[in-house]
Amino acid sequence: MMLMEKVLSGAEINVDIHPPDLLYEDHMVVTLGGQRVELIHPDPAHSDDTTVLYFPEQRVGFGVDYINVRRLPGGLDIYSFDQYASAIGTMLALDIDIVVPGHGNVGRREDLAEYMGFLRDVQAEVSAAIAEGQSLEQTQRSVRLSEYSDWLAFDARRENLIANAYRILTRTH
């Protein structure tokens, strides 16, 4: 059988998707396998429907796609730095020891606080470059973020991250 014969169409991939039968807006508690799990809707950061899963007995928080543990993000999407900080703050307000991102390494609460500091550093350094009148290309050269150079994906993602930050900080509504 040729490889192309195994490719599924969008309709075939989505054939078994069913709409949810339970919805929530801000906060909901469910029991999974006898364990209490809190579903919390933070401010938008990666998407409008982001959910934090909080396991209070285990002191574990799951946050998908808007948190990273010593790893540069793939991008910052369309949301402001304040929205990212608010969403991260929602998880930091929980009584957690362990942080589980959607990608990368599992970490500790301190790693999440460090990630928030990283985003604030990106915001401050890119804002300063913009205030100096630097173009995007100049900003990508001048904002080095070298204190994070040992983080995963630093070399591969730094320039794109700075471009995302530049776009977010210079857009007008």
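The values are calculated or read from the model by the stated rules, or taken from the named source; none is laboratory data. None of these values were measured; they are calculated from a predicted model. When we count neighbours, we look across all protein chains shown, and the Cβ atoms used for this are built from the backbone with ideal geometry, even at glycine.
Test Val106 against the stated conditions and say whether it is among the hydrophobic types (A, V, I, L, M, F, W, C), touching a strand residue (DSSP E or B) at 6+ places or on another chain (Cβ under 9 Å) and surrounded by fewer than 15 Cβ atoms within 10 Å (Cβ to Cβ).
Values: among the hydrophobic types (A, V, I, L, M, F, W, C): yes; touching a strand residue (DSSP E or B) at 6+ places or on another chain (Cβ under 9 Å): yes; surrounded by fewer than 15 Cβ atoms within 10 Å (Cβ to Cβ): yes.
When the stated conditions are applied, Val106 passes them.
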Yes or no: segment 14-29 includes at least one residue that is polar (S, T, N, Q) and touching a strand residue (DSSP E or B) at 6+ places or on another chain (Cβ under 7 Å). no
Filter result for the condition that a residue is part of a helix (DSSP H, G or I), hydrophobic (A, V, I, L, M, F, W, C), closer than 19 Å to Asp77 by Cβ and touching a residue at least 40 places away in the same chain (Cβ under 8 Å), over Leu161, Leu119: Leu161
Within segment 115-139, track down each residue that is of a type in the set (Asp, Glu) and surrounded by 13 or more Cβ atoms within 10 Å (Cβ to Cβ). Asp121, Glu125
Cross-chain or 6+ apart pairs with Cβ under 6 Å, segment 100-112 first and within 19 Å of His46 (Cα to Cα), then of a type in the set (Lys, Arg): Gly104/Arg71
Here the residues within segment 140-158 that are assigned to a helix (DSSP H, G or I), surrounded by fewer than 17 Cβ atoms within 10 Å (Cβ to Cβ) and of a type outside the set (Gly, Ala, Ser) are Arg141, Glu147, Phe154, Asp155
For Ser47, are the conditions met, namely being out of contact with any helix residue (DSSP H, G or I) (no Cβ under 9 Å at 6 or more places or on another chain) and either surrounded by 19 or more Cβ atoms within 10 Å (Cβ to Cβ) or modelled with pLDDT under 95 (or both)? yes
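Among the residues of segment 50-65, count how many are of a type in the set (S, T, N, Q) and surrounded by fewer than 18 Cβ atoms within 10 Å (Cβ to Cβ).
So the first thing to find is which residues in segment 50-65 are of a type in the set (S, T, N, Q), and the list is 50-51, 58.
Retained after the next criterion (residues that are surrounded by fewer than 18 Cβ atoms within 10 Å (Cβ to Cβ)): 51, 58.
The total comes to 2.
I'd like to check something: does segment 66-89 contain any residue that is farther than 19 Å from Asp121 by Cα, surrounded by 14 or more Cβ atoms within 10 Å (Cβ to Cβ) and out of contact with any Ser or Thr (no Cβ under 6 Å at 6 or more places or on another chain)? So that I can check it myself, show each step before the final result.
As a first pass, look at segment 66-89 and keep what is farther than 19 Å from Asp121 by Cα: none.
Among the residues of segment 66-89, not one is farther than 19 Å from Asp121 by Cα, surrounded by 14 or more Cβ atoms within 10 Å (Cβ to Cβ) and out of contact with any Ser or Thr (no Cβ under 6 Å at 6 or more places or on another chain), which makes the answer no.
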Filter segment 53-101 down to the residues that are assigned to a strand (DSSP E or B) and not β-branched (Val, Ile, Thr), then identify the one that is nearest to Asp150 (Cα to Cα). Arg71
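Tell me whether segment 29-37 contains one or more residues that are of a type in the set (D, E, K, R), assigned to a strand (DSSP E or B) and touching a residue at least 24 places away in the same chain (Cβ under 8 Å). Spell out how you get there, then give the answer.
Of all residues in segment 29-37, those of a type in the set (D, E, K, R) come to 36.
After this cut, where a residue has to be assigned to a strand (DSSP E or B) as well, the list is 36.
Within this subset, residues satisfying the condition of being touching a residue at least 24 places away in the same chain (Cβ under 8 Å) are none.
No, there is no match, as no residue in segment 29-37 is of a type in the set (D, E, K, R), assigned to a strand (DSSP E or B) and touching a residue at least 24 places away in the same chain (Cβ under 8 Å).
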